[in-house]
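**Q** Structure below; questions to follow.
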Amino acid sequence: MKIKRLTCVVACLCGLTIALAQTPALIPLPASIEKGQGSFCFKAKTKVWVDAYPGDSVQMVWNRFASDLKASTGIKCGMAKAGKADIRLEVDGQMGPEAYSLDITTRRVHIRAAKPAGFFYALQTLKQLLPSRAVMARVKDEIVKAWTLPATIITYQPRFGWRGFMLDEGRHFFGKEEIKKLLDVMAAYKLNRFHWHLTEDQGWRLEIKKYPRLTEVGAWRESKVLGWGDTKPDGLHYGGFYTHEDAREIVAYARERFIEIVPEVDIPGHSQAAVASYPEFLSCDPQNHHEVWLWQGVSGDVINVSNPRAVAFAKDVVDELIDIFPFGYIHLGGDECPTNKWEANADCQKQLAEIGSTNYRDLQINFYRQLQDHIAQKPKAEQRKLIFWNEVLHGNTAPLGKDITIMAWVGADAAAKDAAERGLYTILTPQIPYYINRRQSDLPTEPRSQGYGTETVEAVYNYAPMNGIAENLQAKYMGVQANFWTEWVEDASTVQYLMFPRLAAVAEAGWTPQSLRHYPDFLQRLQAEPAYYDWRGVNYGKHVFPQK
Ligand code: ACM
């Protein structure tokens, strides 16, 4: 009863209220935010005008927002002529590809952007400004009666073009609906790259039509738990994989949220599941038994890169990736690839001599170069750029040219700088503190995972990307990414618990100028996030939310 009366009063004052004293709790923080007086109120007949754009794609972005608004609030917006509209979406070609401005007064809302992505982000911000995060989650809110937006002028321009999140589904498999949830939260934080780590020693998770055993054999193992020390494999038959159709469904879902998917097939290391599926041509010792791995760690059972059939296999896999994922990049892994089996193999020894090197890492680079040449022969629409983990810098990267990207994780700052100095692109994903599967506090309530609880929300927030990097190298720094490895994490709820709210901290590093980033301010704005997590039904670490 009390709530009803209060919302009624708010509704009556709509348009007259004095702006709240506090700055809106936006994450990521915009580059510029000016508070005005009063608020704009959605009416039953709010009228909208949308500028023309090729393929009607700005209209499509608006339609999706309007549909979410209606589902949560019952408000149905109609279209109107420019002069009569309460909300205007205007194309301004001068702005950056993801930038936007949002000008809210008591009488109207004016959004400007150059591209559909900018309008999408503007409307995501609009959802954050509404009195309930239910709209962001597309859930009906029965309590709020006045759907208002504080009068504000906001301009946003992301600091980095690459703002990513990686999930390892090789170790544990979560399935389509969980991925969609994560994509939703990524979109709420205006992240734009989902790096999907689809293969591991412990599981191959993507159907490859030309090699059915990858999922008949490689997607399954005889333990859910991955053994480590005293933790022994549990003998459960466990696994799963995505069909082409599943993956295409995820691609479409991500595209609607302006997220590009970067599929990763980690080869030639971390490939024991593939080797177990086709030992006859992928293994360095096919006479021996090979199985999908039941343990954590780094397996030595790597692909025999000197076997032409293994190279042909990798080319075929790349072809199917290109067919499913219509985006610019493919990640071929390259981390933690022991060379012992190559060193003991006569064909590998011979190939190393042929390429004129004594460094076995160069065999790995030679393998990648053949895949790169294969892609280069394709029509333009099927071209893809390659990403590798930073261990490839231990070899001579020159044969791969300059148009590759190094994802810097171990010794990340130094590795990224090394890459940039070689003229290569780089993405910062420092293990400490951007591996957000690591424990985020030392509280006994923390779930089992890696680390000592020192990758706190604050530590993640305070990492300063590209710190002290000379101006002439900065153009090589594409952005930032949080990674989530799942050796210890077996269910989606624990993934979410560890991932949130730390993902919000990484998103802010991707968007907000370093000079505006201050942890106490972030922590204060963060207090609004549990409402969204609760509406969307995702778990999160509670320790930084005293109200919870
Ligand atoms: C990695 O953490 N092995 C990339």
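The values are calculated or read from the model by the stated rules, or taken from the named source; none is laboratory data. Just so it is clear, the structure is predicted and the values come from calculations on it, not from any experiment. We place every Cβ from the backbone using ideal geometry, glycine too, and count neighbours over all the protein chains shown. Ligands, DNA and RNA are stripped out before the accessible areas are found, and what is left, the full protein with its side chains, is counted by its heavy atoms. Shrake-Rupley method; radii C 1.70, N 1.55, O 1.52, S 1.80 Å.
**Q** Is there a residue in the range 215-232 that is loosely packed, with under 15 Cβ neighbours inside 10 Å, hydroxyl-bearing (Ser, Thr, Tyr) and without any contact (Cβ under 8 Å) to a residue 60 or more places away in the chain?
**A** yes
**Q** Pick from the range 323-347 the residues that are in a helix (DSSP H, G or I) and not β-branched (Val, Ile, Thr): which of them is farthest from Ile259 (Cα to Cα)?
**A** Within the range 323-347, the first condition is being in a helix (DSSP H, G or I), and the residues that meet it are 323-324, 340-343, 346-347.
Then keep just the ones that are not β-branched (Val, Ile, Thr); that gives 323, 340-343, 346-347.
Working: Asp323: 18, Asn340: 39, Lys341: 39, Trp342: 38, Glu343: 41, Ala346: 45, Asp347: 42 Å.
So the residue we want is Ala346.
**Q** Can you tell me how many residues within the range 407-420 are within 14 Å of the ligand (Cβ to nearest atom) and either assigned to a helix (DSSP H, G or I) or among the aliphatic types (A, V, I, L, M) (or both)?
**A** 6
**Q** State whether the residues of the range 397-420 include one that is more than 27 Å from the chain's Cα centre (by Cα) and under 23 Å from Val265 (Cα atoms).
**A** Yes, the conditions are met somewhere in the range 397-420.
**Q** Picking from Ser515, Ser441, which residue would you name as being free of Cβ contacts under 8 Å to residues at least 12 places away in the same chain and among the small types (Gly, Ala, Ser)?
**A** Residue meeting the stated conditions: Ser515.
**Q** Does the range 183-212 hold any residues that are open to solvent by 10 Å² or more (accessible area, probe 1.4 Å) and touching a residue at least 60 places away in the same chain (Cβ under 8 Å), and which are they?
**A** The answer is Asp184, Arg193, Lys209, Lys210, Tyr211.
**Q** Search the range 94-120 for residues that are farther than 10 Å from Tyr156 by Cα and pair each with any residue that is of a type in the set (Phe, Trp, Tyr) and open to solvent by 10 Å² or more (accessible area, probe 1.4 Å) when their beta-carbon atoms are under 7 Å apart and the residues are at least 6 apart or on different chains.
**A** Pro116/Tyr53; Ala117/Phe258; Phe120/Phe258
**Q** Continuing with the same structure: Taking the range 81-128, which residues are modelled with pLDDT of 95 or more, surrounded by fewer than 20 Cβ atoms within 10 Å (Cβ to Cβ) and small (Gly, Ala, Ser)?
**A** Of everything in the range 81-128, those that are modelled with pLDDT of 95 or more, surrounded by fewer than 20 Cβ atoms within 10 Å (Cβ to Cβ) and small (Gly, Ala, Ser) turn out to be Gly93, Gly96, Ala114.
**Q** Let me ask you something else. Can you name every residue in the range 166-182 that is open to solvent by less than 10 Å² (accessible area, probe 1.4 Å) and in contact with a Phe, Trp or Tyr (Cβ under 6 Å, 6 or more places away or on another chain)?
**A** Matches in the range 166-182: Leu167, Asp168.
**Q** Let me ask something additional. Scanning for something under 22 Å from Val392 (Cβ atoms) and acidic (Asp, Glu), does the range 421-442 turn up at least one residue?
**A** Looking through the range 421-442, at least one residue is under 22 Å from Val392 (Cβ atoms) and acidic (Asp, Glu).
**Q** Further question on the same structure: Every residue in the range 371-389 that is surrounded by fewer than 16 Cβ atoms within 10 Å (Cβ to Cβ) and either touching a helix residue (DSSP H, G or I) at 6+ places or on another chain (Cβ under 6 Å) or assigned to a loop (DSSP other than H, G, I, E, B) (or both), please.
**A** Gln377, Lys378, Pro379, Glu382, Gln383, listed by residue number.
**Q** With the requirement that a residue be surrounded by fewer than 14 Cβ atoms within 10 Å (Cβ to Cβ) and in a helix (DSSP H, G or I), what does the range 271-311 give you?
**A** Result: Glu280, Pro308, Arg309.
**Q** Look through the range 390-403, keep the residues that are assigned to a helix (DSSP H, G or I) and either surrounded by fewer than 19 Cβ atoms within 10 Å (Cβ to Cβ) or hydrophobic (A, V, I, L, M, F, W, C) (or both), and return whichever of them is nearest to the ligand (Cβ to nearest atom).
**A** Once the filter is applied, the top-ranked residue is Val392.
**Q** A further question on this structure: When the residues of the range 355-370 are filtered to those that are in a loop (DSSP other than H, G, I, E, B) and within 30 Å of Asn483 (Cα to Cα), which remaining residue is least open to solvent (accessible area, probe 1.4 Å)?
**A** Here the residue is Tyr360.
**Q** In the range 436-482, what residues are basic (Lys, Arg) and at pLDDT 95 or above?
**A** If the condition is that a residue be basic (Lys, Arg) and at pLDDT 95 or above, then Arg438, Arg439, Lys476 are the ones that fit.
**Q** I'd like to verify a number: residues in the range 464-494 that are under 19 Å from His543 (Cβ atoms) and away from the ligand (no atom under 16 Å from the Cβ), how many?
**A** Count: 2.
**Q** Then there is this: What residue, among those in the range 327-354 that are surrounded by 15 or more Cβ atoms within 10 Å (Cβ to Cβ) and of a type in the set (A, V, I, L, M, F, W, C), is nearest to the ligand (Cβ to nearest atom)?
**A** Cys337
**Q** I would also like to ask the following. Spot the failing condition for Ile432; the list is (1) on the phi > 0 side of the Ramachandran plot; (2) within 16 Å of the ligand (Cβ to nearest atom), and only one is missed.
**A** In the conditions (1) on the phi > 0 side of the Ramachandran plot; (2) within 16 Å of the ligand (Cβ to nearest atom), Ile432 misses (1) alone.
**Q** Pro520: over 25 Å from Ala134 (Cβ atoms) and touching a residue at least 60 places away in the same chain (Cβ under 8 Å), yes or no?
**A** Numbers: over 25 Å from Ala134 (Cβ atoms): yes; touching a residue at least 60 places away in the same chain (Cβ under 8 Å): no.
Answer is no for this residue.
**Q** Tell me the residue from Gly541, Gly510, Gly479 that is touching a residue at least 60 places away in the same chain (Cβ under 8 Å), small (Gly, Ala, Ser) and assigned to a strand (DSSP E or B), please.
**A** So the residue among Gly541, Gly510, Gly479 that is touching a residue at least 60 places away in the same chain (Cβ under 8 Å), small (Gly, Ala, Ser) and assigned to a strand (DSSP E or B) is Gly479.
**Q** Being open to solvent by less than 40 Å² (accessible area, probe 1.4 Å) and either closer than 19 Å to Thr105 by Cα or β-branched (Val, Ile, Thr) (or both) is the filter here; which residues of the range 41-80 pass it?
**A** The answer is Cys41, Phe42, Thr46, Val48, Val50, Val58, Val61, Thr73, Ile75, Cys77, Ala80.
**Q** List pairs: first residue in the range 240-251 and farther than 15 Å from Thr199 by Cβ and in contact (Cβ under 8 Å) with a residue 60 or more places away in the chain, second residue surrounded by fewer than 17 Cβ atoms within 10 Å (Cβ to Cβ) and of a type outside the set (Gly, Ala, Ser) anywhere in the structure, Cβ distance under 6 angstrom, at least six positions apart or on different chains.
**A** Asp246/Lys176
**Q** A further question follows. Restricting attention to the range 494-506, does a residue exist that is touching a strand residue (DSSP E or B) at 6+ places or on another chain (Cβ under 7 Å) and farther than 22 Å from Phe522 by Cα?
**A** yes
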